[in-house]
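Each remark here refers to the structure printed beneath this line.
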Amino acid sequence: MVNYIWVGLSVIGIVYAMFTGTMAEVNEAIFKSAKESVTLCFGLMSILVFWLGMMKIAELSGLLEKLSLLFKPIVSRLFPDVPANHPAMGYIVSNIMANTLGLGNAATPLGIKAMEQLKVLNGNKDTASRSMVTFLALNTSGLTLIPTTVIGIRIHYNSANPTEIVGPTLLATVIATIAAIFIDRFYYYKRVRKGID
């Protein structure tokens, strides 16, 4: 659906530019944006490669496993329907760790794997389970300690202090995560009281 929206917006913009005589400006903006996006991607790739390397070092040194064990009691309480030794739990913890380090691109495949495993636990039904909804809410709120992508973009655009975003990002994502958990639990218990679940 999003693809259709983007194509529609592009077509409307080009048709409007043709009728208003601003096609030259549109062409210039397209080529300038294409060049800038490639430059930005290379800048972000270096930061992503660095943090993925750090994650690999953390994994090989056992730090990631220790952090996972630290988070597991909290995650187990958030996902009581998921057995502690099920592969879904490992993917959920890994996804949360990657998001916490601001590695959204690395967290996406882990999130997809977690959802696949949660669907298996749900009996491959087409409706979302309690754990799937909770995971989606947590993933959307995205608790972040180090917003690496945003820092990378700020470095690319020559920010005077690219890391000053860390404090506000941490505060905003902590509030968003707490709100996501409360809203998730509120609607779950509301459904339980109505006898829907």
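The values are calculated or read from the model by the stated rules, or taken from the named source; none is laboratory data. What you see is a predicted model; the values in this text were computed from it and never measured. All Cβ positions, glycine included, derive from the backbone under ideal geometry; neighbour counts span all protein chains shown. Accessible surface areas use protein heavy atoms only, side chains included; no ligands, DNA or RNA. Shrake-Rupley method; radii C 1.70, N 1.55, O 1.52, S 1.80 Å.
From ILE155, ILE183, which residue is touching a residue at least 60 places away in the same chain (Cβ under 8 Å), surrounded by fewer than 16 Cβ atoms within 10 Å (Cβ to Cβ) and either over 15 Å from the mean Cα position of the chain (by Cα) or assigned to a helix (DSSP H, G or I) (or both)? Please lay out each step first, then the result.
Values: ILE183 fails: touching a residue at least 60 places away in the same chain (Cβ under 8 Å).
Result of the check over ILE155, ILE183: ILE155.
Checking the conditions here, which among VAL49, VAL7, VAL15 is exposed (fewer than 11 other Cβ atoms within 10 Å of the Cβ) and farther than 30 Å from LEU103 by Cα?
Working: VAL49 fails: farther than 30 Å from LEU103 by Cα; VAL7 fails: farther than 30 Å from LEU103 by Cα.
Answer to the selection: VAL15.
Can you tell me which residue within the range 158-180, out of those that are assigned to a loop (DSSP other than H, G, I, E, B) and open to solvent by 60 Å² or more (accessible area, probe 1.4 Å), is farthest from LEU52 (Cα to Cα)?
Restricting to residues being assigned to a loop (DSSP other than H, G, I, E, B) and open to solvent by 60 Å² or more (accessible area, probe 1.4 Å), the top hit is ALA160.
Taking the range 85-124 on its own, how many of its residues are free of Cβ contacts under 8 Å to residues at least 12 places away in the same chain and outside any helix (DSSP H, G or I)?
Here the count works out to 4.
Could you please find all residues in the range 113-152 being within 11 Å of the chain's Cα centre (by Cα), open to solvent by 70 Å² or more (accessible area, probe 1.4 Å) and closer than 18 Å to MET89 by Cβ?
LEU136
Those residues that are more than 16 Å from SER141 (Cα to Cα), at pLDDT below 80 and either of a type in the set (Lys, Arg) or buried (at least 20 other Cβ atoms within 10 Å of the Cβ) (or both), I need them from the range 55-105; list them, please.
Residues satisfying the conditions are LYS56, LYS66, LYS72.
Provide a single number: the residues in the range 5-54 that are within 14 Å of HIS156 (Cβ to Cβ) and either of a type outside the set (Ser, Thr, Tyr) or not in a helix (DSSP H, G or I) (or both).
Number of matching residues: 11.
All but one of (1) in a helix (DSSP H, G or I); (2) modelled with pLDDT of 80 or more hold for THR127, so report the exception by its number.
So the condition that THR127 fails would be (1).
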